[in-house]
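Readers should treat all values here as calculations from the given coordinates under stated rules, not as data from a laboratory. Keep in mind that what you see is a predicted model, and the values were worked out from it rather than measured. Using ideal geometry, Cβ is built from the backbone for each residue, glycine included, and neighbour counts are taken over all protein chains shown.
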Amino acid sequence: MNTVSTTKCILVAGFPDAGKSTMLAALYGIATDSNPNRPIRLVKYDGDSGYIQTLLDAWQRLNPVPRNTGATEQHPISLRLAADRVGEFELSLVDIAGELFRQLVIGSHVPQELLPKLDDVESIALVVHPMNLIPHELIENWEGFVASLEAKENASGGAKKLTPDPKKWIPDFMPSDVSAIVMLHSLLTKPFARRKIRLVVMISAWELVVQQPPITPAAWLADRMPLLSQMIHNNEDKIIADVFGVSAQGGDYNTQREELAAKSSRAETCFAVTASGDRVHFCEPLICLLVE
Ligand SMILES: Nc1nc2c(ncn2[C@@H]2O[C@H](COP(=O)(O)OP(=O)(O)O)[C@@H](O)[C@H]2O)c(=O)[nH]1
Ligand SMILES: [Mg+2]
């Protein structure tokens, strides 16, 4: 039997725009679905109920979840879930906007809000978005790269001039790959005392990673986030890791809308793909993280 002190907890981490809110909406939708065969069930939700309902409504109606709106997204959210193979577990989103994780990396300090959760959690789901990565940029592409970041920022409502002097480096330029390894390294060093992390890298929006021949999540990670991939391989005693591609939307809302709407249930459209490319249930990455 699980007690509060032995319940396993997964921390969902990721930088802004990684796909965390969409994943939360899909998980909540699946866990509260009426399908008796659903692999996870909601036991308890702890958090702002209006917020989760807004996410769920957007997901059900095939709309992008509302963008981060500051205050609400800073509130911790916790789902107590149950799955047959692993019993009850807690899924915790301390910082759904991803800003605190950015501070952890860029500011090299652990924000107070993150401390209580980061202190005891050993299982981490790191969400990364294949289209929202900050790449390793070559110096000859630099000005184009800065312009593309600014265009993205402006398209999403910001009007930030990233730097008036393109030669000046600012933290927004840190490659996602580097950010991810700095974050993991922070979790393995002081002030934390843990010796091991169980990690699952969840590559969101996987249906957008279309390549011929098809690429597996493991190959994608080695190719697009080589430092993270190497860090995982070089620290097998400290980081027990796996990688999955996941699709919480189930497809692109513009180009695949009709196909998605034709499915009998929304939950059915979501899926995950193992490191070697096999299609599995959307919830499998989280369950794998907890299996002994
Ligand atoms: N095509 C597709 N887009 C996705 C999927 N999951 C998330 N996205 C998109 O990725 C962007 C960031 O997602 P969001 O959940 O808001 O990220 P967050 O900032 O980490 O909470 C949004 O434009 C989503 O519509 C997916 O499974 N498929
Ligand atoms: Mg969000």
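The 3J(HN,Hα) values that the Karplus relation (6.51, -1.76, 1.60; θ = phi - 60°) gives for segment 260-269 are, in residue order, 5, 5, 6, 5, 6, 9, 5, 4, 5, 7 Hz. Gly and Pro appear as x. Rounded to the nearest whole Hz, the Karplus-based 3J(HN,Hα) values (6.51 cos²θ - 1.76 cosθ + 1.60, θ = phi - 60°) of segment 26-33 follow the sequence 5, 4, 5, x, 5, 5, 10, 5, with x at glycine and proline.
A convex hull fitted around the alpha carbon atoms of the chain yields 147 Å³ per residue.
Placing unit charges on the Cβ atoms of the charged side chains and taking the dipole of the chain about its Cα centre, the candidate lying farthest along the positive direction among THR255, MET225, VAL12 is VAL12.
Mind checking the full-extension length gain between GLU236 and HIS109? Use 0.36 nm per residue of separation minus the Cα-Cα distance, one decimal, nm. Kindly include the intermediate steps, with their values, before the conclusion.
Values: separation 127, 0.36 × 127 = 45.72 nm, distance 2.54 nm.
Difference between extended and current length: 43.2 nm.
A Förster radius of 25 Å combined with the Cβ-Cβ distance from ASN37 to ASP278 puts the calculated FRET efficiency at roughly 0.80. Among THR189, THR269, THR54, which one moves the most in a GNM of the chain with springs linking Cα atoms closer than 10 Å? Comparing THR189, THR269, THR54 in the GNM, the peak value goes to THR189. Helix content alone sets the calculated 222 nm mean residue ellipticity of the chain: runs of n ≥ 4 DSSP H residues at -39500 (n - 2.57) each, divided across all residues, give -9500 deg cm²/dmol. Residues whose amide H comes within less than 5 Å of that of LEU199, counting only those at least five positions distant or on another chain, are ILE124, ILE240, ALA241, ASP242 (H built at 1.01 Å from N in the peptide plane). Select from LYS196, LYS152, LYS168 the residue whose mean-square fluctuation is largest in a Gaussian network model of the chain (Cα-Cα springs shorter than 10 Å). For the chain, modelled as a Gaussian network with Cα springs under 10 Å, the answer is LYS168.
Net charge dipole, the chain: roughly 360 debye, given to the nearest 20, about the Cα centre with Cβ charges of +1 for Lys and Arg and -1 for Asp and Glu.
Other residues lying with their Cβ under 12 Å from the Cβ of LEU91 contribute a combined charge of +2, Lys and Arg counting +1, Asp and Glu -1.
With both residues required to sit in the chain, DSSP beta bridges show an antiparallel share near 45%. Couplings 3J(HN,Hα) of segment 283-289, computed from phi: 7, 4, x, 6, 5, 4, 5 Hz, in residue order, whole Hz [Karplus 6.51 cos²θ - 1.76 cosθ + 1.60, θ = phi - 60°; x for Gly and Pro].
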